[in-house]
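Here the structure comes first, spelled out in structure tokens, and everything after it is commentary.
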Amino acid sequence: SREIRLASRPVGLPNASHFELATVPVRAPGDGEIVVRNEWMSVDPYMRGMMIDQKSYARPFQVGEVMDGRAVGRVVASRSPQFAEGDYVFHMHGWRDYAVAPAEGFEKVDPALAPVEAFLGALGAPGLTAYVGLMRIAELKDGDAVFVSAAAGAVGSVACQLAKARGCYVVGSAGSDDKCSWLLDEAGIDAALNYRTCGDLTEAVGHAFPKGIDVNFENVGGPHLVAALNHMNTFGRIALCGMIAQYNDVTPSPGPSNLSLAIMRSLKLQGFVVRNHLDLKPQFMAEAGALIKAGKLKRRETVEEGLENAPRAFLKLFSGENFGKMLVHIA
Ligand code: NDP
């Protein structure tokens with residue numbers, strides 16, 4: 001069985017040398033354990049933070065040890081009454097061909113509901129993140145004017161479509177014309193900005209929001225957050241979901257220079273981590289499932305073939321080469 005380990009801790013943008021591929025024997029399952037052949041794994045921006053030795057919400061990856069993350073696979077051996085051979089399961093032992101672990105850490109997924117990889121994307125944590133950020137953190141109301149950054153990504157693409165489904169006016173920003181066309185034509189949002197070519201971002205956001213922004217779903221930070229703050233309406237809400245523009249910073253970036261607008265305009269800014277809001281999962285699954293069925297929530301995925309290419313897939317998140325959810329197809 002192959003696995004990918006953290007080879008060294010990056011400073012700045014990671015590259016292939018920070019990962020190593022190793023081969024290990026598949027351990028026989030103990031009592032209560034199962035063996036899973038991984039078929040799909042997720043690479044996510046948060047993993048950048050886990051590559052360095054900093055206090056985070058989980059134990060960082062250790063140099064020389066296999067990394068972990070979300071994955072979906074098929075049970076090939078079971079010593080637990082909870083699972084049978086052939087079951088599809090979701091779990092946290094990604095970055096490897098085979099997972100062997102106690103049954104408690106696995107959750108069945110229903111391949112009749114959607115292709116199993118969807119449980120890593122639109123129907124998984126990224127989709128739930130969009131739902132939590134909009135509904136709970138930003139307290140979305142029908143008809144709100146909503147600005148989403150990294151709008152063609154895993155979280156952003158769902159956030160855009162959930163807000164459209166509530167009758168909101170939605171503008172997204174993304175890093176290519178292709179992504180902007182998809183957002184307009186497929187995701188059905190009202191306007192899309194290519195932040196690389198639009199010129200001054202504050203000005204471009206202002207043109208896109210003649211009546212101001214009620215809700216900002218912030219995935220990027222930096223100049224995106226500054227531009228959003230400049231156009232927030234009184235009592236606007238900002239859901240701080242991610243700041244990917246800063247994850248590879250070598251020295252800390254300065255905060256938004258216009259944060260005092262939050263006072264003058266009575267804004268609410270709230271950060272969140274999806275795993276603290278798992279109570280919303282049933283509600284999200286019902287809503288997202290219905291929207292997918294009705295063709296109102298389009299899944300978009302970018303697939304990298306082969307476990308050995310998982311580091312490359314991960315690095316693509318920072319160059320914007322992924323479109324929708326970045327996945328690795330293992331087997
Ligand atoms: P995406 O699928 O959106 O992939 C990342 C995208 O970010 C890229 O495709 C790229 O798109 C954009 N990007 C990368 N670097 C920059 C940059 N310097 N400036 C502007 N855009 C950039 O990833 P996810 O949907 O998984 O994550 C999106 C955000 O949500 C991240 O910040 C992530 O950390 C956060 N997140 C937070 C969670 C939580 O619980 N709070 C849970 C999951 C994700 P483009 O081509 O448009 O530049």
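The alpha carbon gyration tensor of segment 210-331 gives principal lengths a ≥ b ≥ c with a/c of 1.5 or higher and a/b no greater than b/c, which makes the shape oblate. Amide H contacts of residue 77: 35, each under 5 Å away and 5 or more positions distant or on a separate chain (H built 1.01 Å from N in the peptide plane; Pro and chain starts excluded). Across segment 125-276, what fraction of all alpha-carbon pairs, as a whole percent, falls in each successive 5 Å bin from zero upward? Taking every Cα pair in segment 125-276, the percentages come to 2, 10, 21, 25, 22, 13, 5, 1, 0.
Working from label points 7 Å from Cα in the Cα-to-Cβ sense, the residue 110 to residue 290 distance is 1.5 nm. Basic side chains Lys and Arg get +1 at the Cβ, acidic Asp and Glu get -1 at the Cβ, and with that the dipole of the chain about its Cα centre reaches some 480 debye.
Listed peptides 227-238, 162-173, 258-269 appear in the order 162-173, 227-238, 258-269 once ranked by packing, highest mean of other Cβ atoms within 10 Å at the front. Computed from backbone phi with θ = phi - 60° and the Karplus coefficients 6.51, -1.76 and 1.60, the 3J(HN,Hα) list for segment 119-130 is 6, 9, x, 4, 9, x, 4, x, x, 5, 4, 4 Hz; x is used for glycine and proline. Between residue 262 and residue 79, the distance separating the two model label sites (each 7 Å from Cα on the Cα→Cβ line) works out to 5.1 nm. Each label point was placed 7 Å from the Cα along the Cα-to-Cβ direction; for residue 303 and residue 57 their separation is 2.9 nm. Along the charge dipole of segment 177-331, which of 317, 181, 231 sits closest to the positive end, that is, farthest toward it, with unit charges on the beta carbon of Lys, Arg, Asp and Glu (+1, +1, -1, -1)? Farthest along the dipole direction, towards plus: 231. For the pair residue 270 and residue 234, a Förster radius of 25 Å applied to the C-beta separation gives a FRET efficiency near 0.90, rounded to the nearest 0.05. Charge tally for residue 143 (other residues, Cβ to Cβ under 10 Å; Lys, Arg +1; Asp, Glu -1): -1.
Relative contact order for the chain: what percent, with Cα pairs under 8 Å and sequence separation of 6 or more? Value for the chain: 18 percent. Tell me the net charge near residue 153. Cut-off is 12 Å between Cβ atoms, residue 153 excluded, with +1 for each Lys or Arg and -1 for each Asp or Glu. So the environment of residue 153 carries a net charge of +1. Annotation: peptides 291-300, 40-49, ranked by per-residue average of other Cβ atoms within 10 Å with the highest first, follow the order 40-49, 291-300. Using only side-chain charges placed at the Cβ, +1 for Lys and Arg and -1 for Asp and Glu, the dipole size of segment 125-276 relative to its Cα centre rounds to 480 debye. Note on the chain: Rg/Rh from Cα positions, Kirkwood definition for Rh, rounded to two decimals, is 0.98. Highest GNM mean-square fluctuation among 28, 191, 150, for the chain modelled with Cα contacts below 10 Å: 28.
Roughly speaking, what is the centre-to-centre gap between segment 9-52 and segment 126-164 when only Cα atoms are used, to the nearest Å? Here the answer is 29 Å between Cα centres.
Working from Cα pairs under 8 Å separated by at least six residues, relative contact order for segment 69-209 is 14 percent. The shape of segment 1-133 comes out oblate: with a ≥ b ≥ c from the C-alpha gyration tensor, a/c is at least 1.5 while a/b does not beat b/c.
Within the chain, the selection of entire DSSP H helices by a Cα span of 18 Å or greater along the long axis and an average Kyte-Doolittle value of at least -1.0 returns an empty list.
Entry note, segment 125-276: relative contact order of 23 percent, from Cα contacts under 8 Å with a spacing of 6+ residues.
No lab work stands behind these numbers, since they all come straight from the coordinates. What you are looking at is a predicted structure, and each value in this text was computed from that prediction instead of being measured. Ideal geometry is used to build each Cβ from the backbone, glycine not excepted, and the neighbour counts take in all protein chains shown.
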